[in-house]
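Values in this text are rule-based calculations from the coordinates and carry no lab data. Just so we're clear, the structure is a prediction, and the values are computed from it rather than from any experiment. Ideal geometry is used to build each Cβ from the backbone, glycine not excepted, and the neighbour counts take in all protein chains shown.
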Amino acid sequence: KQEVTQIPAALSVPEGENLVLNCSFTDSAIYNLQWFRQDPGKGLTSLLLIQSSQREQTSGRLNASLDKSSGRSTLYIAASQPGDSATYLCAGGGLNDYKLSFGAGTTVTVRA
Amino acid sequence: ETGVTQTPRHLVMGMTNKKSLKCEQHLGHNAMYWYKQSAKKPLELMFVYSLEERVENNSVPSRFSPECPNSSHLFLHLHTLQPEDSALYLCASSQDRASGGYEQYFGPGTRLTVT
């Protein structure tokens, strides 16, 4: 069973600082890893999807890497802004099933 | 906002009520999902439908009954719920595995409170 862990559970940084969010998983047979953003009381917004053949994905100020051998993924957010304040979730999926195993999330607060 | 919509956004129901949650996706996907998000717990997958066929049932109590009449619509019928069923219920969609799609897109959720 895939278990996904996100540490720390919460993070507070001043505006402009770069953010580094960590995600670790137990099963290296993971096929894809997806990062999401969730605002309070809202649904999830997909940020980046890294598939098995890829090692990283970039979108604007966001960059996510995947290292299957070490069981880790990292989400980098450059030059953080107060609007980046949210909970960030990572989720891993296998090749032959529909399940995404989610971490509990890291709640980020960017102070103006 | 996104291509996945959910109604209602908020629902308060008593333990003896029957209600239904609705999800609709406008993305041309053929797999749909129900998730439960409780406070301070990771998202839990409840059901998966692919091409209107249920392909995953994650040991969910029978008081939750899913229905997928077509690839664009998904329902979750609720009856005789318990207070611990209070949570945010999220719907998602994706292309199915056979189509090589993996990215899941989520709706805004229904905040359910059982009194």
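A few notes on this one:
- Remark on the protein assembly as shown: B:C68 stand apart, with no other cysteine beta carbon under 4.7 Å.
- Averaged over A:87-97, number of beta-carbon atoms from partner chains that fall within 10 Å: 2
- Computed on the range A:66-112, with alpha-carbon pairs under 8 angstrom and 6+ residues apart, the relative contact order is 38 percent.
- Alpha-carbon Debye profile of the range B:52-110, log10 I(q)/I(0) at 0.21, 0.25, 0.27 Å⁻¹: -1.03, -1.32, -1.41
- Other residues with beta-carbon under 10 Å from the beta-carbon of A:K99 carry, at +1 per Lys or Arg and -1 per Asp or Glu, a net charge of -1.
- Net +/- balance of residues flanking B:L78 in space, Cβ distance below 15 Å, scoring K and R +1, D and E -1: +3
- With contacts taken as Cα pairs under 8 Å at a separation of at least 6 residues, the range A:39-81 carries a relative contact order of 25 percent.
- Shape analysis of chain A yields a ratio of the Cα radius of gyration to the Kirkwood radius, Rg/Rh, of 0.96.
- Local net charge near B:L45, Cβ-Cβ under 13 Å (Lys/Arg +1, Asp/Glu -1): +2
- Of all lysines in the structure, those lying under 25 Å Cα to Cα from A:K99, and not within fewer than 8 positions of it along the same chain, are A:K1, A:K42, A:K68, B:K22, B:K36, B:K40, B:K41.
- Using a cutoff of 8 angstrom between alpha carbon atoms and counting only pairs six or more residues apart, the relative contact order for chain A works out to 38 percent.
- Both radii come from the Cα set of the protein assembly as shown: Rg as radius of gyration, Rh as Kirkwood radius; their ratio Rg/Rh reads 0.97.
- Global form of the range A:51-101, assessed from the alpha-carbon gyration tensor, a/c cut-off 1.5: prolate
- When the Gaussian network model of chain B links Cα atoms closer than 10 Å, the mean-square fluctuations of B:C68, B:C23, B:C91 top out at B:C68.
- Based on the Stokes-Einstein relation at 10 °C and a viscosity of 1.306 mPa s, and on the Kirkwood radius from alpha carbon pairs, the range B:20-68 is assigned a translational diffusion coefficient of 134 µm²/s.
- Cα-only Debye scattering, chain B: base-10 log of I(q)/I(0) at q = 0.13, 0.21 Å⁻¹: -0.45, -1.15
- Put simply, the amide H of A:S80, placed in the peptide plane, has neighbours under 5 Å in A:G16, A:E17, A:N18, A:L19, leaving out anything fewer than 5 places away on its chain.
- Per residue of peptide A:35-44, the mean number of Cβ atoms on other chains within 10 Å of the residue Cβ is 5.
- Beta bridge orientation in the protein assembly as shown: antiparallel %, DSSP, nearest 5: 90
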